[in-house]
1. Across region 41-65, which residue is modelled with the highest pLDDT among those that are on the phi > 0 side of the Ramachandran plot and more than 9 Å from ligand 2 (Cβ to nearest atom)?
2. Check off (1) more than 24 Å from residue 97 (Cα to Cα); (2) in contact with a helix residue (DSSP H, G or I) (Cβ under 8 Å, 6 or more places away or on another chain); (3) crowded, with 16+ Cβ neighbours inside 10 Å for residue 114 and give me the number that stays unchecked.
3. Quick check on residue 5: is it at pLDDT 95 or above and either more than 16 Å from the chain's Cα centre (by Cα) or assigned to a loop (DSSP other than H, G, I, E, B) (or both)?
4. Considering only residues that are more than 16 Å from ligand 2 (Cβ to nearest atom) and over 16 Å from the mean Cα position of the chain (by Cα), which ones fall in region 24-40?
5. Of all residues in region 66-88, which are assigned to a strand (DSSP E or B) and either surrounded by fewer than 22 Cβ atoms within 10 Å (Cβ to Cβ) or at pLDDT below 95 (or both)?
6. Condition test on residue 99, is it part of a strand (DSSP E or B), over 27 Å from residue 35 (Cα atoms) and touching a helix residue (DSSP H, G or I) at 6+ places or on another chain (Cβ under 9 Å)?
7. Look at residue 133 and say whether it is under 30 Å from residue 212 (Cα atoms) and away from ligand 1 (no atom under 16 Å from the Cβ).
8. Say we look at region 194-227 and pick out the residues that are in a loop (DSSP other than H, G, I, E, B) and within 16 Å of ligand 2 (Cβ to nearest atom); which of these is nearest to residue 48 (Cα to Cα)?
Ligand SMILES: Nc1ncnc2c1ncn2[C@@H]1O[C@H](COP(=O)(O)OP(=O)(O)OP(=O)(O)O)[C@@H](O)[C@H]1O
Ligand SMILES: [Mg+2]
């Protein structure tokens, strides 16, 4: 049983005008096997939280802690975080020209496990995962995200999740821009990982739709850089019906 503990986390982003505070005291703990949905208005700091956990150099933790089984994540380099079992599916996945999906996945797997995966098993795992995600095998030989459609990029993120088997996964709007069928395929992928591993998931989303497929244990409302309210799945339904008005004080 593992835990990802975020304690009173304050994060600033580097801008040309200097450091700009975004997160203002986030407290959130995710245990193995749990799924936590994070909802909240645009600009409330959800992606900033994801980047801070993943170790994006532009996002600086000015105080507070992120602990993975008690180990200080903020002291780790980006690859140490990945090896420790953290995974981030980005809201806007980046293109990696010159690197095929197949090479990228094998390199990532090797780096995280500290040894290359046994070839036959690996090839078969990749093939199965791609088939499950209804990805055409030709994607394996395309460059990472280059010319991928929005939905194809999101499937590729879930492909990584299925193959890398992290302890904790942060999925930032993995449901955005998906057609109804793709949403189901992606949700099934997330559920396969939930059912076959002990992964803890932070699922950032604007829509209750994905939460009907991937039932969260907890829902957190993120407003102005901190958690404003927590509840169960019914909170997501309430937000969908009412919006965020009651959290926003008039300027
Ligand atoms: N590099 C940057 N320079 C300036 N401001 C930034 C930078 N990165 C983030 N911000 C600001 O930080 C705030 C939080 O952004 P963030 O992307 O975390 O929001 P979000 O909750 O993920 O929003 P969305 O729902 O639209 O994805 C926003 O006001 C954003 O403009
Ligand atoms: Mg975002």
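The values are calculated or read from the model by the stated rules, or taken from the named source; none is laboratory data. Everything numeric in this text was worked out from a predicted model, so none of it was measured. We place every Cβ from the backbone using ideal geometry, glycine too, and count neighbours over all the protein chains shown.
1. Here the answer is 64.
2. Here residue 114 clears every test but (3).
3. In short, no.
4. Correct list: 24, 25, 27.
5. Those that are assigned to a strand (DSSP E or B) and either surrounded by fewer than 22 Cβ atoms within 10 Å (Cβ to Cβ) or at pLDDT below 95 (or both): 67, 68, 71, 72.
6. yes
7. So residue 133 passes the test.
8. Only one residue tops the list, namely 225.
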